[in-house]
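Read through the structure below, which is laid out as structure tokens, and then see the notes.
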Amino acid sequence: MTDIARDGRGYAEVTREIVDIALDYPDRRGWWLCFLGALCLLLLFLVAVGVLLWNGVGVWGNNIPVGWGLAISNYIWFLGIGHAGTLISALLLLLQQHWRNSLNRFAEAMTLFAVLCGGLYPLLHLGRPWLFYWMAPYPNTMGIWPQFKSPLTWDFFAVLTYLTVSILFWYIGIIPDLAATRDRATTRRQQVFYGISALGWRGSARHWERWRQSYRLTAVLAVPLVVSVHSEISLLFAAGPIPGWTSTVFPPYFVLGAAFSGFAVVSMIAVVLRHALRLQDLVTPHHLDLLAKLLLTTGLMTAYGYWAEVFDALYGGNQLDLDTLADRVSGIYAWSYWLAIAANFLPLQLLWWRGVRVQPLLLFLIGLSVSIGMWLERFMLLVTSLYRDYLVSSWHEYQPSFWEWALFAGMLGVFLTLFLLFVRFLPVISAFELKEAMFEERGGKAQAVSHG
Amino acid sequence: MDEPAPGASLFGMLAEFDRAERLLDGVKQAREAGFRRVDAYSPFPIEGLADLLDFNESYLPWLTFAGGLTGAVAGFGLQVLTNLDFPLDIGNRPLISTPAFLLIAIELTFLFAVLFAIGGMLALNHLPRLHHPLFDLEAFHLASLDKFFLVVFSTDRRFDAAATRHFLETLRPVRVELVGHAEEPE
């Protein structure tokens, strides 16, 4: 951010650089190529969902005892990615870290789409998704209510709340930039689209003051919300009497792991966007450096979670927990355990060097490695605990089926399609907050004004 | 709101500034000159500008608190009432189980607090309002780009077209313009 204030560019240049991407996209060919790829994956999603709905969850590899499989591990993975966007946006806003202004908009968009993808999984996993509204408490002819002591119902409320709050937080954060886009729009269609979505924002000082109050209040609420939502997800595990899921480190371990995977994806998106949209002067090496530091920090905290989990089993001395631990490190799914550790924590150590942190390609690759590692971690946590139940007679291995993989690839398509539409049509960086930071860094403060 | 009602024939007098500092200075001087129904427009929030306008409203924190309280009571109450309405005895566990109910109560606290905070902000700001007399001015499009505007509303006791224009011109603006009545959108 400081770089922008220093190079003497005006408010108008910054606004144009960002808003003109939405109004007149620079590299349409490249965008269409990506979009076509995303649409193909989206088609795969539709087919995979169609096959699932037609046949039921039997097309998946799920069985008893492994009733969850990829559907739930992907759900946790997607939702976890989402949390980083909220943390970057809300937490850093409250800490008055101006550098966040170059990242928060697209990080929040990532949150939105990741939560949407994540939220679809439990629905599809229901078996009869068209009856999902049975989870909502509404007076019905059956005369019964949802089971409020069940983590499934907690999930329904947690995800719905998180999705709603993320949408609202993102939306009020983008309104002033939609107004800027509206005011620079030249074609009738653009004027109508941005005009309606900007809600008639005109930048009145009174409006700004109320806006600032509600934006900050929402941020204050969003930070503990993230913690509560992902803690709740860890309770989905911990509420079941399954060996390997009962460690008390679960809630913080899940929240930090979520932030870790999310920062990895934010880093990847930042690297791609600044390159594709030529935003190198707004998303500077300084930003990559800070993102990498966040990634390294949350990574080390997640590593502590791994350690605490092992310690918990060893110190607790429960035979079933010890068996699960031994099976994780040397059983048939040991590959997922060791690959998760390797992908999560080995390349990560490169980030101790500043030279690596500011190197976009390396940061992208490390982010990719972490997102794969965190995916493996969720798979490992879920499957290794479930497939060996208390009774040897009920042990059953789990192998994801073709349609589970197809749905996963398709879900990535859902994410990419939405994200590409966002990049194409909306201001990807918060122009007005950049301008605000420029003003403040140049020493502008209402109190400091002198007459004459 | 101090703004003239939508039907008023005259909206006010507008001055455009090219620097935020000039706007702040202008607001200060306008207040000192006795103008009370004044508003400022800027492309980004300026800390302290609302104070200069003597605008210190604290509805929103209270609204948010009320929303949170509503969510907490509704969330917890919902679970208690539904469990009493259809009691499920599972292994003689307590029917009203506070620890199990807290999570949904907390989520709904967050949800309602945020809905009130953001809904309240839009309602107090009278948004969405897609048409506004200021949008009729060509120059006002720059209010979201890099220009700063000061408007003295026609409802101000001291408002007088000629005198107000003369006063605003002393503030070193880029231009001063009369803002007419709001036309009905076609």
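Coordinate-derived values only; no laboratory data. In this text, all values refer to a predicted model and were calculated from it rather than measured experimentally. Positions of Cβ are generated from backbone atoms using ideal geometry, with glycine treated the same way; all protein chains shown enter the neighbour counts.
Considering only Cα atoms, the convex hull volume of the protein assembly as shown works out to 177 Å³ per residue. The calculated 222 nm mean residue ellipticity attributable to helices in chain A amounts to -24000 deg cm²/dmol, summing -39500 (n - 2.57) over DSSP H runs of n ≥ 4 and dividing by all residues.
Compute the helix-to-body angle for A:360-386: its Cα long axis versus the longest principal axis of chain A, expressed 0 to 90° and rounded to tens. Approximately 30 degrees, to the nearest ten. Seen through its C-alpha gyration tensor, with square-root eigenvalues sorted a ≥ b ≥ c, segment A:17-124 comes out oblate because a/c lies at 1.5 or above while a/b is not bigger than b/c.
On the basis of the beta-carbon distance and an R0 of 30 Å, residue A:365 and residue A:314 show a calculated FRET efficiency of 0.30.
For chain B, the 222 nm mean residue ellipticity estimated from helices alone, with every DSSP H stretch of n ≥ 4 adding -39500 (n - 2.57) and the total spread over all residues, rounds to -14500 deg cm²/dmol.
Across peptide A:161-170, the average count of Cβ atoms from other chains found within 10 Å of a residue's Cβ is 4.
Between amide H atoms placed 1.01 Å from N, distances below 5 Å from residue A:396 occur with A:389, all of them 5 or more places distant or on a separate chain. Percent of Cα pairs in segment A:302-398 per distance bin of 5 Å, from zero to the largest separation: 2, 13, 19, 21, 15, 11, 8, 5, 3, 1, 0.
Counting only other chains, what is the mean number of Cβ atoms within 10 angstrom of the Cβ of each residue in peptide B:137-149?
Average per residue, whole number: 5.
Across segment A:31-45, coupling constants 3J(HN,Hα) worked out from phi with the 6.51/-1.76/1.60 Karplus curve, θ = phi - 60°, read 5, 4, 4, 4, 5, 4, x, 5, 5, 4, 5, 4, 4, 4, 4 Hz, and Gly and Pro carry x.
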